[in-house]
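Working notes for the structure below.
The values are calculated or read from the model by the stated rules, or taken from the named source; none is laboratory data. Here the structure is a predicted model, which is why all the values come from computation and not from measurement. Note that each Cβ is placed from the backbone with ideal geometry, even for glycine, and that neighbours are counted across all protein chains shown.
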Amino acid sequence: MSSLAERRPKAEQTSSLRLVRAWFSNPWARPRFLPVVTWLYVLWSIVPVIIAIQFSFNAGRSRSTWQGFSLRWYLDDPDLSLLHNPLLRSALGQSLKLALFTMLIATPIGVALALGLARWRGRGSGAGNFLMLFPLVTPELVMGSALFIVFTTLLTFVGLGTPAQLLGHVTFSISYVVIVVRGRLFAIGKEFEEAAMDLGASPVQALRLILLPMLAPAVFAALMIVFAISIDDFVISQFLKGGASSETVPVLIYSNVRAAPTPALNALATVMLVFSMLAIVLAILFHRRFAPGGPKGQPGESAVRDFARLEI
Amino acid sequence: MGFNLVLTVIPARSTKAASTSEVSSSRSGGRVGLPRWLWPSFAAPGLGWLVLLFLVPIYAVLAVAMSSRLDPIFATPVPEWNPVQWDPGALADAWSPQLGTVLVRTFIYVGLAGSLSLLIGYPVAYYVARHGGKLKALLLVLIIAPFWISYLMRMLSWVNLLQPSGYVNRILMAVGILQEPRGWLDGEPLTVVLGLVYGYIPFLILPLFASLDRIDRSLLEAARDLGANPARAFAHVTLPLSKQGILAGSVIILLPMFGDYYTPDLLSGATRTTMFGNQIYFFLNSGTGGNKGAAMVVILSAIVSLLMFYYLYTVARAAKEAR
């Protein structure tokens, strides 16, 4: 491949210049500048988070001076640790509770919507598709303030706090479920259902016995993704919170980060990070391993890439 | 956060599956035995939910923004549900020179952060797509990882680093650039812009990567064989073919940036870095400012609607191709 480099002997060119020229004009040469930029970017994006995690294990109060390793901010501190501080515990509980219920409500609704939109060819399906995509492109601030206004003026029987937050989380999660499941539906195609029906299955049987089992990995991935985005959501949770008891972890971080934070805040964030990473890793593994007709070749890379394209 | 928007415009993977399903669907279009209401009834609960909790709330914003009435007892805004009674004057009342300043500042911050993201993101996406080699999977994982770390956690990390006694000040002082710690968190526009870049750049890189990764290498070889130098080949082949990714990625990050209020709050908190989103949040939560806040939401939506519709259009087209 490197033979593509120009080899015209030109006496007037100094050898170093020629080298540069040869390197520059060889399209397959390994770049030098790009990997530096890329690895610097990766460091820049990951290292701050790693440092934040490190300081959650700090023995002292500081979040900038390392004073030795301890689990003080997770377990040991009698008032301020994650285990003993009621505020931190309630935020953690609220986040997990919301994520769990959102996952259980949004996934069935989203799966049905994906099936309906993928198979429905009549009038109205275009508008349905459009409506499904709309929440994905609406800035969260717009969605959060709209829900806030509707719950304080029209649907006032839904109290701000957990009920409003749950409804809000489900609203923005439905579209993600549709995107995940729809990708799988397109890949499966219609043949399997049609074969089942040709062999005498009713539409409902074809759906229940053929399509849903084939969709199972995507449904599981959707569950996990909804869990992760619900746990990480800030704007909707913040707009729709009632009192302190409905503060989620991101809301608590927001209100405490500039006030008087201890490394317990880092510990809280770290625990949440573990939860959402776990959900995503499970989603990727399950989706790849059990998806029918997965691609051959490098499984690791294709899994990640596939996931990046369809699911996120 | 911006997860909302990270829906890549790349059509579903397998083109083979797409073409076979096309054949079969043309064979069996209008299949007998399937009741026509079957699939719409599957979609009904989801669509109903979105109408009630997405479209109605959006309408409620308009109803509050276009009304200048306040509840006589609680002084909370009273929505005007009948569009005939809407008062566009209420929208104009929300405008003030001070808001204009904030809006200009928002455009500057978002513009700077967006261009900086593209400037950093393009080389990264290009390198991973073209030269990732054996490390491609690892690099992709590292690039995708920030997606699944809460935005607030990532900002918290920077608050830690940028404290007066934090690592950034200590490093800059050790190197000799700074003589004494600098208050990076006390209203520095630079901090806010870099915070925006840090927060949203992963959402730009992914669609960029996807579009660069799809470029057929033989096109580049052809360009080279026909005598183009690398710069020309890049300008005439790679760049045009990645246009879709550049546009999609930019829209994906610009939309949430316009609606951001937490980044300036967390990294600065000073009034001289206030963005449009901060004003909205402030007025909506101030009780009597509800109408004004809603009017600002309408203004913001008008500003970003062009971006939104462009994005919806590309996604719809990609989905059609995938079928």
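Observations on the structure shown:
- Meets criteria (surrounded by 18 or more Cβ atoms within 10 Å (Cβ to Cβ), among the hydroxyl-bearing types (Ser, Thr, Tyr), farther than 18 Å from residue A:74 by Cβ and more than 10 Å from every other protein chain (Cβ to nearest Cβ)) for residue A:245: no
- Test: residue B:306 is touching a residue at least 24 places away in the same chain (Cβ under 8 Å) and either within 11 Å of another protein chain (Cβ to nearest Cβ) or at negative phi (or both): no
- Within the set A:187, A:195, A:146, the sole residue that is surrounded by fewer than 24 Cβ atoms within 10 Å (Cβ to Cβ), over 27 Å from residue A:284 (Cβ atoms) and in contact with a helix residue (DSSP H, G or I) (Cβ under 9 Å, 6 or more places away or on another chain) turns out to be A:195.
- Matching option when the condition is in the same structural domain as residue B:55 (by TED's automatic domain parsing), at pLDDT 85 or above and over 18 Å from residue B:99 (Cβ atoms), among B:296, B:308: B:308
- Residues (more than 14 Å from every other protein chain (Cβ to nearest Cβ) and basic (Lys, Arg)) located in the range B:91-150: B:105
- Residue B:271 fulfils the conditions (1) closer than 24 Å to residue B:59 by Cα; (2) surrounded by fewer than 24 Cβ atoms within 10 Å (Cβ to Cβ); (3) more than 9 Å from every other protein chain (Cβ to nearest Cβ); (4) not hydrophobic (A, V, I, L, M, F, W, C) except for a single criterion, (1).
- Odd one out for residue A:121, checked against (1) surrounded by fewer than 22 Cβ atoms within 10 Å (Cβ to Cβ); (2) within 19 Å of the chain's Cα centre (by Cα): (2)
- Candidates B:67, B:41, filtered to the one that is at pLDDT below 85, of a type in the set (S, T, N, Q) and not assigned by TED's automatic domain parsing to the domain that holds residue B:235: B:67
- Residue within the range B:75-87 that is surrounded by 14 or more Cβ atoms within 10 Å (Cβ to Cβ) and either of a type in the set (Asp, Glu) or closer than 18 Å to residue B:213 by Cβ (or both) present: yes
The rows are residues; the columns are (1) over 30 Å from residue B:69 (Cβ atoms); (2) of a type in the set (A, V, I, L, M); (3) buried (at least 20 other Cβ atoms within 10 Å of the Cβ); (4) at pLDDT 85 or above.
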| residue | (1), (2), (3), (4) |
| --- | --- |
| B:97 | no, no, no, yes |
| B:107 | yes, no, no, yes |
| B:111 | yes, no, no, yes |
| B:117 | yes, no, yes, yes |
| B:121 | yes, no, yes, yes |
| B:125 | yes, yes, yes, yes |
| B:132 | yes, no, no, no |
| B:147 | yes, no, yes, no |
| B:154 | yes, no, yes, yes |
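- Among the candidates B:190, B:241, residue that is under 21 Å from residue B:161 (Cα atoms), surrounded by fewer than 23 Cβ atoms within 10 Å (Cβ to Cβ), of a type in the set (A, V, I, L, M, F, W, C) and away from chain A (no Cβ under 11 Å): B:190
- All conditions in (1) part of a helix (DSSP H, G or I); (2) touching a Leu at 6+ places or on another chain (Cβ under 9 Å) hold for residue A:108, with the sole exception of (2).
One line per residue, one yes/no per condition, for (1) within 20 Å of the chain's Cα centre (by Cα); (2) farther than 27 Å from residue A:262 by Cα; (3) surrounded by 17 or more Cβ atoms within 10 Å (Cβ to Cβ):
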position	(1), (2), (3)
A:34	no, yes, no
A:45	yes, no, yes
A:49	yes, no, yes
A:84	no, no, no
A:89	no, no, no
A:112	no, yes, yes
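- Where a residue in the range A:121-133 is within 8 Å of chain B (Cβ to nearest Cβ) and its partner, wherever it lies, is of a type in the set (S, T, N, Q) and not in a loop (DSSP other than H, G, I, E, B), with Cβ under 8 Å and at least six apart: A:132/A:175; A:133/A:175
- Residue, farthest from residue B:120 (Cα to Cα), within the range A:1-27, restricted to residues that are part of a loop (DSSP other than H, G, I, E, B) and at pLDDT 60 or above: A:14
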